[in-house]
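I have placed the structure first, in the form of C-alpha cells, so that the comments after it can refer back to it.
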Amino acid sequence: MKKTLTIKYLLWLMVPLFVISCEKDKTDGFLSPALKYTNPSVKVSVGATLIRTGAMVTDESTKPLQFTIEAIRYENGDIADKVMNYRVDTYFWNAEYSDKDKTAQETDGKRTKVNRPAIDINPENGDIIIYPEATDSFRLTKGKYLIDVKVKNSAGEQLLKSAMKLDISYALPYSFLSPGIDGKLTGIDGTFERLSETGNKILVYVLKKDGTPVDPEKLIGYDYSTDPAVEDLRDWHHLGLNNPTKYTAFPDHLELEVETFPIPYVQGKVRRIDLYNNGDINGDYFNFWFDFAIRKPGIWKITIQLKYN
C-alpha cells in the first residue's frame, strides 16, 4: 500500500516538472535569467599562449544561442575604444599541429591566417578568447577590463553587463618551464637575455657549480622515439623546421643560427631540451631537461646553471 502511494506521489510530482519542461521547449524558447560565467574574474598574462576563459553557464536555455561582445570597458566604466578596435592576424587550424614539421610552409599548410579581434568570443558558447598575437601594449594596455556580453536565442536576448572582468598583464618574450633533473644534480637555473632586438642567433652556455663553462659536446641529447629506426633527439640540434640552420660548438658555448622566430614556430607551443652526461663533468651521471620558447627575434643568450653537491 505504501509503495502504491509513493508511486502516485511521484507521478503527481512529475506533472509540474513536465509542464515546466514543456514551457522551456516551446517554439519561443527559454532564455535563463541565471546566465553567468563560472569564474567571472580572470587574471591573464597575454602574448604567450591562447587564453580561454571557459564557456558561459546557460542553465538549460534553448539552443542555439548566439554570444557577442557588446562592449569592452575600462574599470571606471568608459568604453575602451582602442581595445575594441584592436585586431590581430592569427590562425585557425584545419589539421593537427606537429612539432616534427620540416618547414614553415608545411606548418602553414595546416592552418589558415585570419584577422580577428584581439579579445574575441566564441559565438556558440560565450568562451572569451585572447590570441597569443595580442602583444601591442599600447592598444591593449596592462590593467582591468569589463566585458559586456549579449546573449540571444529564439526567446529573445539579454545584455550581461560586466559579465567578465579581465585583469591583463604581459608575458615575458621567453619562457623557461618544467625544469627537471635526474642523477647527480640538485637543480638547474635558466636565464634568458635578449642581447639585440635584431638578428637570428641563440648563444647557449651551461655552467658548472663554480661558474666555469661546460664543453657543450659533453652533453648528449635524449632520444624520445620508441622506434629504433626513428631518431627524436631533444637537443640543440633539433629546434624544429630544420632549425638551427647553423650549429657551431665552441669549447665554452654553442652558437646557433635560426631561420624563423618564434621558437617554436607556432605561438603558444614550447620546445623540450633534454640532455645528459655520463660522469666526466661532475664525477657521476646526471640528466636535466626543460621546456622553452623564444617569442621575439634577435640575438639571445641562454645560460643554464647546474646545481650539485
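The values are calculated or read from the model by the stated rules, or taken from the named source; none is laboratory data. Computed from a predicted structure; not experimentally measured. Note: ideal-geometry Cβ built from the backbone for every residue, glycine included; neighbour counts use all protein chains shown. SASA here: full protein model, heavy atoms, side chains in, ligands and nucleic acids out. Shrake-Rupley method; radii C 1.70, N 1.55, O 1.52, S 1.80 Å.
Before anything else, pin down the relative contact order of the chain: Cα pairs under 8 Å, at least 6 apart, normalised by residue count, whole percent.
20 percent
Just tell me the longest site-free run in the chain, where the sites are chymotrypsin sites (Phe, Trp or Tyr not before Pro) in a DSSP loop having at most 16 other beta-carbon atoms within 10 Å.
Maximal segment without exposed cleavage sites: 1-96.
Residue by residue through the range 295-302, what is 3J(HN,Hα) from phi via Karplus (6.51 cos²θ - 1.76 cosθ + 1.60, θ = phi - 60°)? Round to whole Hz and write x for glycine and proline.
Working through the residues one at a time gives 9, 10, x, x, 10, 10, 10, 10 Hz.
Provide the per-residue ³J(HN,Hα) series for the range 134-144, in order, calculated from phi with Karplus coefficients 6.51, -1.76, 1.60 and θ = phi - 60°, each as a whole number of Hz, with x at glycine and proline positions.
Per residue, the Karplus-derived 3J(HN,Hα) values read 7, 10, 7, 6, 7, 7, 10, 6, 4, x, 10 Hz.
Can you give me the C-alpha center-to-center distance between the range 62-79 and the range 180-205, rounded to a whole angstrom?
42 Å
Tell me the carbon and sulfur percent of the accessible area for the chain, rounded to whole percent, probe radius 1.4 Å.
52 percent
Name the residue from Trp289, Val258, Ser175 whose Cα lies farthest towards the positive end of the charge dipole of the range 174-308, charges +1 on Cβ of Lys and Arg and -1 on Cβ of Asp and Glu.
Ser175
Give the aspartates and glutamates whose C-alpha is closer than 17 Å to that of Lys113, dropping any in the same chain fewer than 8 places away, or say none.
Correct list for Lys113: Asp89, Glu96, Glu133.
Strictly over 27 Å apart at the Cα level, which of Lys43/Lys82; Lys63/Lys142; Lys184/Lys218; Lys43/Lys102; Lys100/Lys165 would you flag in this model?
Lys63/Lys142; Lys43/Lys102; Lys100/Lys165
Spelling out what I want: for every residue of the range 108-122, take phi, set θ = phi - 60°, compute 6.51 cos²θ - 1.76 cosθ + 1.60 (Karplus), and round to whole Hz; glycine and proline get x.
So the Karplus estimates, Gly and Pro as x, are 5, x, 9, 9, 10, 6, 9, 10, 10, x, 4, 9, 10, 9, 6 Hz.
With springs only between Cα atoms under 10 Å, which of Ser61, Ser225, Ser41 fluctuates most in a Gaussian network model of the chain?
Ser225
Among bridges DSSP assigns within the range 174-308, what percent are antiparallel (round to 5)?
If I count the DSSP bridges inside the range 174-308, around 80 percent turn out antiparallel.
Between Thr198, Leu159, Thr103, whose Cα lies farthest towards the positive end of the dipole of the chain when Lys and Arg beta carbons carry +1 and Asp and Glu beta carbons carry -1, centred on the Cα centre?
Of the listed residues, the answer is Leu159.
Under a 5 Å amide H to amide H cut-off, with H placed in plane at 1.01 Å, what residues pair with Arg87 once short-range neighbours are removed?
Long-range HN contacts for Arg87: Ala118.
Charges only on Cβ, +1 for Lys and Arg, -1 for Asp and Glu: so what's the dipole of the chain about the Cα centre, in debye to the nearest 20?
The dipole magnitude comes to about 1320 debye.
Restricting to DSSP loop positions (anything but H, G, I, E, B) with no more than 11 other Cβ atoms inside 10 Å of their own Cβ, which trypsin sites (Lys or Arg not before Pro) remain in the range 135-193?
Details: sites: Arg139, Lys142, Lys144, Lys150, Lys152, Lys161, Lys165, Lys184; in loops: Arg139, Lys142, Lys184.
Counting only loop positions with at most 11 other Cβ atoms within 10 Å, the trypsin sites (Lys or Arg not before Pro) in the range 135-193 are Lys142.
Okay, helix-only estimate at 222 nm for the chain: each DSSP H run of n ≥ 4 adds -39500 (n - 2.57), divide by all residues, round to 500 deg cm²/dmol; what do you get?
-3000 deg cm²/dmol, from helical runs alone.
Of the listed values (i) 19.6; (ii) 25.9; (iii) 20.6, identify the label whose number matches mean projected area of the Cα convex hull in nm² calculated from this model.
Only one option fits the structure, namely (ii).
Loop only per DSSP, at most 16 neighbouring Cβ atoms within 10 Å: give me the GluC sites (Glu not before Pro) in the range 154-227, ordered by residue number.
Those that pass, being in a loop and sparsely packed, are Glu197.
Report, to the nearest 10°, how far helix 2-24 tilts away from the longest principal axis of the Cα atoms in the chain, using its own Cα long axis and a range of 0 to 90°.
Here the helix axis deviates by roughly 80 degrees.
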